[in-house]
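Report on one structure; see the data block that follows.
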Amino acid sequence: MEFILIEKNAYEALNNEIQGLNKLLSKIAAPYQSNYSKNRWLDNQEVCQLLNISKRSLQSYKQKGLLPCTCISRKNYFKYDDVIALVQSKK
């Protein structure tokens, strides 16, 4: 393991720069946050983890029409809103 020592002033300046960049990125991304969450797409693995189901169960949901998906380059993607609607309908 390698250690690099820097002065406290240099560390604090670097930390302030990072915090400033973080605030700037948050400010830039803020108008797009609501749009991102509305149009969020999940792959098979993410849906299986979210629903706590197997890949075979997910395929069964697709075949029964319970969960619509879009196929892009032989990979299935699901709308986040559709997954949440499925969860709420199961309750």
- [ ] For the chain, find the longest principal axis of its Cα atoms and tell me its angle to the long axis of helix 80-90, 0 to 90°, nearest 10.
- [x] 50 degrees
TODO: With θ set to phi - 60°, apply the Karplus curve 6.51 cos²θ - 1.76 cosθ + 1.60 along the stretch 3-12 and write out the HN-Hα couplings as whole Hz, x wherever there is a Gly or Pro.
DONE: 10, 10, 9, 10, 5, 4, 5, 5, 4, 5
Open item on the list: Quick check on packing: order 17-27, 60-70 by the mean number of other C-beta atoms within 10 Å, highest mean leading.
Closed with: 60-70, 17-27
TODO: Quick one: which residues, 5+ away or cross-chain, put their amide H under 5 Å from the amide H of Asn76? H built at 1.01 Å from N.
DONE: Asn44
TODO: Express the relative contact order of the chain as a whole percentage, based on alpha carbon pairs under 8 Å and six or more residues apart in sequence.
DONE: 26 percent
Open item on the list: How large is log10 of I(q)/I(0) for the chain at q = 0.12, 0.20 Å⁻¹ when the intensity is taken from the Debye formula with one equal scatterer per alpha-carbon?
Closed with: -0.60, -0.93
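Each reported figure results from applying straightforward, stated rules to the coordinates on display, with no laboratory input. Note that this is a predicted model, so its numbers are computed, not measured. Methodologically, a virtual Cβ is constructed for each residue, glycine included, from the backbone with ideal geometry; neighbour enumeration extends over all protein chains shown.
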